[in-house]
Amino acid sequence: AKCQCKVVPRERTNCGYPGISAAECKKIGCCFNASVPSVPWCYSPKPKKVKKMCPNDPYTRINCGHPGIKPKECTKKGCCFRAHPAGVPWCFYHRVTEE
């Protein structure tokens, strides 16, 4: 993503080797910007921003607990708890989405 390459020159972390081409740099998943001298031109992108969400669709839930788990036990494990509908896990894992 383009926004991941908006790294101020002084905060760039070198990614690649001296004299790497823009194409080679991008091929290894790095950013390339040769507009500023004496800073890395091929550099690591910013980490993706991710957001943890409890999935809305009860049928996509992935079980995180055991039958009869208490809401407090479930959230202590870092999972989502919704005591409905019947027949699906009530304690389930978050889904991670990119912002």
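Below is a table of values for the structure above.
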{"item": "Separation of the A83 and N14 label points, Cα + 7 Å toward Cβ, nm", "result": "5.9"}
{"item": "Simple spin-label estimate for K51 and T97 in nanometres, 7 Å along Cα-Cβ", "result": "0.6"}
{"item": "Accessible carbon and sulfur surface of the chain relative to its total accessible area, %, 1.4 Å", "result": "59"}
{"item": "Convex hull volume per residue in cubic angstrom - Cα atoms of the chain", "result": "134"}
{"item": "Distance violations [Cα-Cα > 31 Å] among K26/K76; K27/K49; K6/K76; K2/K52", "result": "K26/K76; K6/K76"}
{"item": "Mean separation of Cα contacts under 8 Å, 6 or more apart, over the residue count of region 50-98: relative contact order %", "result": "52"}
{"item": "Under the Karplus curve 6.51 cos²θ - 1.76 cosθ + 1.60, θ = phi - 60°, whole-Hz ³J(HN,Hα) for region 29-46, x wherever Gly or Pro sits", "result": "x, 10, 9, 10, 8, 9, 7, 10, x, 6, 10, x, 8, 10, 9, 6, x, 5"}
{"item": "Mean separation of Cα contacts under 8 Å (6+ apart) over length of the chain, as relative contact order %", "result": "26"}
{"item": "Once exposed loop trypsin sites (Lys or Arg not before Pro) are cut out (DSSP; at most 11 other Cβ, 10 Å), longest piece of the chain", "result": "50-99"}
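The values are calculated or read from the model by the stated rules, or taken from the named source; none is laboratory data. The model shown is predicted, which means the values in this text are computed figures rather than measured ones. Note that each Cβ is placed from the backbone with ideal geometry, even for glycine, and that neighbours are counted across all protein chains shown. For accessibility, only protein heavy atoms count, side chains too; no ligands or nucleic acids. Shrake-Rupley method; radii C 1.70, N 1.55, O 1.52, S 1.80 Å.
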